[in-house]
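Accompanying notes for the structure given below.
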Number of protein chains: 2
Amino acid sequence: MGKQRTNVSIAIVGCGTVGGAVALRLTQDQSLLQERTGLDLQLKYIVDMDFRRAEALGLPPSLFEKNLDRVLADPEVSIVVELVGGTTVAKDIILKALHAGKHVVTANKALLAHTGPELLKIARKNRATLSFEASCGGGIPIIRALYDGLIANRIDALYGIVNGTCNYILTQMTQEGISYKEALKEAQQAGLAEADPTLDVSGMDTAHKLTILASLAFGQRFTLEAIPVEGIDTLQNLDIQYGNELGYIVKLLAVASRLNGGVCLRVRPAFISRQHPLAWVSGPFNAISVYGHATGHTMYYGRGAGGSPTSSAVVADIVSAALGIHRAFFQTLRIWPDRTPKAKQVSPDELVSRFYLRFMVTDTVGVLAKIASVLGKNNISIASVLQKEIPEDLAKPSIAPVVIITHKSREKNLRKALEKIRTLDVVREDPVCIHILDEHEENL
Amino acid sequence: MGKQRTNVSIAIVGCGTVGGAVALRLTQDQSLLQERTGLDLQLKYIVDMDFRRAEALGLPPSLFEKNLDRVLADPEVSIVVELVGGTTVAKDIILKALHAGKHVVTANKALLAHTGPELLKIARKNRATLSFEASCGGGIPIIRALYDGLIANRIDALYGIVNGTCNYILTQMTQEGISYKEALKEAQQAGLAEADPTLDVSGMDTAHKLTILASLAFGQRFTLEAIPVEGIDTLQNLDIQYGNELGYIVKLLAVASRLNGGVCLRVRPAFISRQHPLAWVSGPFNAISVYGHATGHTMYYGRGAGGSPTSSAVVADIVSAALGIHRAFFQTLRIWPDRTPKAKQVSPDELVSRFYLRFMVTDTVGVLAKIASVLGKNNISIASVLQKEIPEDLAKPSIAPVVIITHKSREKNLRKALEKIRTLDVVREDPVCIHILDEHEENL
């Protein structure tokens, strides 16, 4: 070894935002990377159907190749970077590359969430590795933290803001007081939301990432379909502002925590105290809080999307693959979801936490008593009540918002109570219920 | 490889707070660690002069050994964990262990800051590795972020809160409005400050960590002695409160940033905007912001000290050493300070930034004009002036504080101006000058 340089040939498949950024990194920063890593990273192929973007970026046409099979047949290529995205073509590409014995680096969270264990198993069979730092948190080295830096910990909980689009929208709603629709439009204009934002705002992208993060954190195999997912598209600015007054910031949170001998995964908008560092993660930034039995609370913050930050994660994986480092982790550690047991994935029904509730009620005597009575019958005790003035733009004759913060309550009981309250004649709209996520207790 | 388990024998030298915590982790969590890592980590020796603490922790006396040479002669022991601390005995221990071909894991920031390159060179000569995740930021995997997750980045700046004692004291001063002395006393009572707190409050411990962090971040060798260091022990609550009113939080910051073709390292209390995530790092927590040319801003947060969090970092290093992972990084990467060039370490004289200034002046006509005139002559322009009322406890007849926030100014010029202002007869106390650290610009 010593001073001798290792030449590593790489093929990128898919030259979109991230693929283009990785290609630029590997070409423009070649000497920087050599200086820092001691490796000669050689981008040999850019595989795509259409090279207009690659051309526009000034990438050398000598790299362009439409035939993936030809690339995979090149024995010099040891690393294939899949940046096509999606769960169909991308899966074929990864399978072919693994069968050809290539190490694969990918940013594809949807595919990993659906079929990660299967792909890892095939990688293992072919003595190859599958690296996916770029799948969660963009440029934040959170996957590494889970398989390396925090390996000595039993992870007890993980709270993540892992979708920059949603966090940008919620930040704008919170700070500017604008509606969801207005904030979404702004995000689209700023290039931070897709024309069809469904995958992001529905919480589904967040659920993909949660599946991946939780599987490494807990060393168990989770099923995406079993995660209850709520998006941000029904959030009303009114509630964000009331929460704010009470010291809470709304975030779309991916949460995994141990519950009743299993693990409870969920994705939903939640209020988090301004004391919690996640509350200060604003705009398109992401952050993940991890609670380990040895470290206590650690948090990882950075840009969760975009070509440049994500390319940082992809190139780190290329370096790990080239050095055989990822192989050592992959062969020895027992946390990879192709070799861990299926999780006991429990529903949030038994979760005990506080809730923010808002009811739009007729402004008559005894309304609060009626609501309180239903809550009481379901073992939900009230911590505080705010009878708010009616915001002008919502003013309807004699209808007023009542905001209730509960003490810690069982989620199942709360749902039951809301079902009942919904039927009361004094309640004029569907009740709003937002979970309050308390700081996870450190047990050091 | 496959399912076969690797048995790894470990010796811990020094059974204090961290050593004891690591010993407990390796014994009590042995099956957890086996389950997660696939490794059989066997604590074989605890080396110390005095085993009272080890006994009190319930560690098995069969591990106790006073003779280091006997331990190093045991061919089964492949990893030696140095947790004695300090720069004398600890250095001998590490040298002996490296010469015996053992991998060394240490938390010793003082020793690394003084003689890191020398030790790394000896490790390399003996085909051993020296790992030091636990030297900075306790349980935060920041060293790994620098040599692994961020390896694709040219790092442009690093801002760190890396001393929990100081951060606790400053948090108490900020939130409770108490004096430095009172806050120090509280910290001592809470076990967060030593009886002799000099190493912490002087900023020296922070400088040790900055030397280590900057060397990996910039891939250059820095000299501890060339870092200008200011502590927190002269900070007055008055300034913390005035800064607070202006939207700033005071932190003891370790900063490294590129300047004039070199790198400027400095340790000092500074005001940071409440918009910056570092501003929200409170109590004994630490955090490090790293600005990479690809990732932009990433931040790493967690408990920066204490036995349990630090043990998490030590065990992560043990796993990396046992898997040969650290060796692969150590042999190939070019960022280790035994193989990087000496840095052009520039003084902060040429730094351009904003400053908070406070002058205690006689309450007479034309005072501000006199001060402004000196500032102007030195090319320092004033952004805002606060003529504060005299706090009751400081009330002296006709002496009043004037607080000035400057526009961006060259530090050298500011010093010159202050020298002059100090001599004005209307100025009755030494001027207070606190640097305002602006957000580092991301150049993505």
* To do: Can you list which of the trypsin sites (Lys or Arg not before Pro) found in region A:339-370 are DSSP loop residues with at most 13 other C-beta atoms within 10 Å?
  => A:Lys344
* At what distance in nm do the modelled label points of A:Ser398 and A:Arg258 sit from each other, each positioned 7 Å from its Cα along Cα→Cβ? -> 5.5
* Asked: GNM on chain A, C-alpha springs below 10 Å: top fluctuator among A:Asp338, A:Asp92, A:Asp239?
  -> A:Asp92
* Counting Lys and Arg as +1 and Asp and Glu as -1, what is the net charge of the other residues whose Cβ lies under 12 Å from the Cβ of B:Ala343? -> +4
* Whole-number Å³ per residue for the convex hull built on Cα positions in region A:1-90 -> 104
* **Chain lengthening between B:Asp50 and B:Asn379 when straightened (0.36 nm per residue, less Cα-Cα)** => 112.4 nm
* Asked: If you take the alpha carbon radius of gyration of region A:235-323 and divide it by 2.2 N^0.38 Å, what ratio comes out, to two decimals?
  -> 1.36
* To do: Please report A:Ile143, A:Ile10, A:Ile405, B:Ile399 as a ranked list, fewest other C-beta atoms within 10 angstrom at the top and most at the bottom.
  => B:Ile399, A:Ile405, A:Ile143, A:Ile10
* Asked: Got the A:Gln275 label distances to the other copies yet, label 7 Å along Cα→Cβ, in nm, shortest first?
  -> 2.7
* What is the magnitude of the charge dipole of the protein assembly as shown about its Cα centre, with +1 placed on the Cβ of each Lys and Arg, -1 on the Cβ of each Asp and Glu, and no other charges, expressed in debye to the nearest 20? -> 1980
* Please compute P(r) over all alpha-carbon pairs of region B:351-437, binned at 5 Å starting from zero, and give each bin as a whole-number percent. => 3, 15, 28, 27, 16, 8, 3, 0
* Structure fact -> Largest first and rounded to whole Å, the semi-axes √(5λ) derived from the alpha carbon gyration tensor of region B:141-219 read 31, 12, 10
* **Prolate/oblate/rounded call for chain B, Cα gyration tensor, a/c under 1.5 rounded** => prolate
* Asked: Is region B:266-422 best put as rounded, prolate or oblate by its Cα gyration tensor, with a ≥ b ≥ c the root eigenvalues, rounded for a/c under 1.5, and otherwise prolate when a/b is larger than b/c, oblate when not?
  -> prolate
* Listing A:Val427, A:Val81 from the residue with the fewest other Cβ atoms within 10 Å to the one with the most, what is the order? -> A:Val427, A:Val81
* **Charge dipole of region B:1-106 about the Cα centre (unit charges at C-beta), most positive-ward option of B:Ala100, B:Ala54, B:Leu68** => B:Ala100
* **Radius 13 Å from Cβ of B:Ser320, net charge of other residues (Lys, Arg +1; Asp, Glu -1)** => -1
* Asked: Are any of the pairs B:Lys109/B:Lys342; A:Lys96/A:Lys344; B:Lys91/B:Lys185; B:Lys251/B:Lys388 more than 26 Å apart by Cα-Cα distance, and if so, which?
  -> A:Lys96/A:Lys344; B:Lys91/B:Lys185
* Long-range amide H partners of B:Thr129 with built H, under 5 Å -> B:His103, B:Val104
* Mean residue ellipticity (222 nm) of chain A, computed from DSSP H runs ≥ 4 via -39,500 (n - 2.57), nearest 500 -> -10500 deg cm²/dmol
* Calculate one ³J(HN,Hα) per residue across region A:105-122 by plugging θ = phi - 60° into the Karplus curve 6.51 cos²θ - 1.76 cosθ + 1.60, and present them in order as whole Hz with x for glycine and proline. => 10, 9, 10, 7, 5, 4, 5, 5, 5, 7, 9, x, x, 4, 5, 5, 4, 5
* **Quotient of Cα Rg and 2.2 N^0.38 Å for region A:142-304, N being how many residues it contains** => 1.02
* Structure fact -> Checking region A:59-167 for trypsin sites (Lys or Arg not before Pro) in a loop per DSSP with at most 14 other beta-carbon atoms within 10 Å yields A:Lys66, A:Arg127
* Count charges around A:Arg144 for me, please; just the other residues with Cβ under 13 Å from its Cβ, Lys/Arg as +1, Asp/Glu as -1. => -4
* In whole angstrom, how long is each semi-axis of the equivalent ellipsoid of region B:225-286, when you take the square root of 5 times every eigenvalue of its Cα gyration tensor and sort them from largest down? -> 23, 14, 12
* **Stretchable slack from B:Thr364 to B:Lys412, in nm (0.36 nm times residue separation minus alpha-carbon distance)** => 14.4 nm
* If you take the square roots of the eigenvalues of the alpha-carbon gyration tensor of the protein assembly as shown and sort them as a ≥ b ≥ c, do you get rounded (a/c under 1.5), prolate (a/b over b/c) or oblate? -> rounded
* **For region A:71-85, Karplus couplings with θ = phi - 60° (6.51, -1.76, 1.60), whole Hz, Gly/Pro x** => 5, 5, 7, 7, x, 5, 6, 9, 10, 10, 9, 8, 10, 7, x
* **Copy-to-copy label separations for B:Asn67, where each label sits 7 Å from Cα toward Cβ, in nm and ascending** => 7.1
* Structure fact -> Taking the label point 7 Å from Cα along the Cα-Cβ vector, the copy-to-copy distances for B:Arg52, listed from shortest in nm with one decimal, are 7.9
* Asked: Given A:Leu32, A:Thr223, B:Ala187, which one lies farthest toward the positive end of the charge dipole of the protein assembly as shown, if we put +1 on the Cβ of every Lys and Arg and -1 on the Cβ of every Asp and Glu?
  -> A:Leu32
* To do: For region A:405-419, take each phi angle, set θ = phi - 60°, evaluate the Karplus expression 6.51 cos²θ - 1.76 cosθ + 1.60, and give the result in whole Hz per residue in order, putting x for glycine and proline.
  => 9, 8, 6, 4, 9, 6, 4, 4, 5, 4, 4, 4, 4, 5, 4
* Structure fact -> Within 10 Å of the Cβ of an average residue in B:37-43, the count of other chain Cβ atoms is 3
* Please arrange A:Val89, A:Val8 by counting, for each residue, the other beta carbons lying within 10 Å of its beta carbon, fewest first. => A:Val89, A:Val8
* Please give the residues of region B:365-383, grouped as numeric ranges, whose backbone N is less than 12 Å from a label point set 7 Å along the Cα-to-Cβ vector of B:Lys420. => B:370-381
* DSSP loop trypsin sites (Lys or Arg not before Pro) in region B:265-314 with at most 16 other Cβ atoms within 10 Å of their Cβ, which ones? -> B:Arg274
* Residue among A:Ala152, A:Ala305, A:Ala313 with the largest mean-square fluctuation in a Gaussian network model of chain A, springs linking Cα atoms under 10 Å -> A:Ala152
* Structure fact -> Within region B:155-196, the residues whose backbone N lies under 19 Å from a label point placed 7 Å from the Cα of B:Leu444 along the Cα-to-Cβ direction are B:155-159
* With the contact rule set at Cα under 8 Å and sequence spacing of 6 or more, what percent relative contact order holds for chain A? -> 16
* Which of A:Ala254, A:Ala217, A:Ala145 moves most in a GNM of chain A, Cα contacts under 10 Å? -> A:Ala145
* Asked: Alpha carbon centre of region A:146-216 versus region B:1-72: separation in Å?
  -> 41
* Given a Förster distance of 51 angstrom, what is the FRET efficiency for A:Gln241 paired with B:Thr223, based on the Cβ-Cβ distance and rounded to 0.05? -> 0.45
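Read-outs throughout are calculated quantities, based only on the coordinates presented, and are distinct from any laboratory measurement. This one's a predicted model, so the numbers in the text were calculated from it and none came from an experiment. FYI the Cβ positions are ideal-geometry reconstructions off the backbone, even for glycines, and counts take in every protein chain you see.
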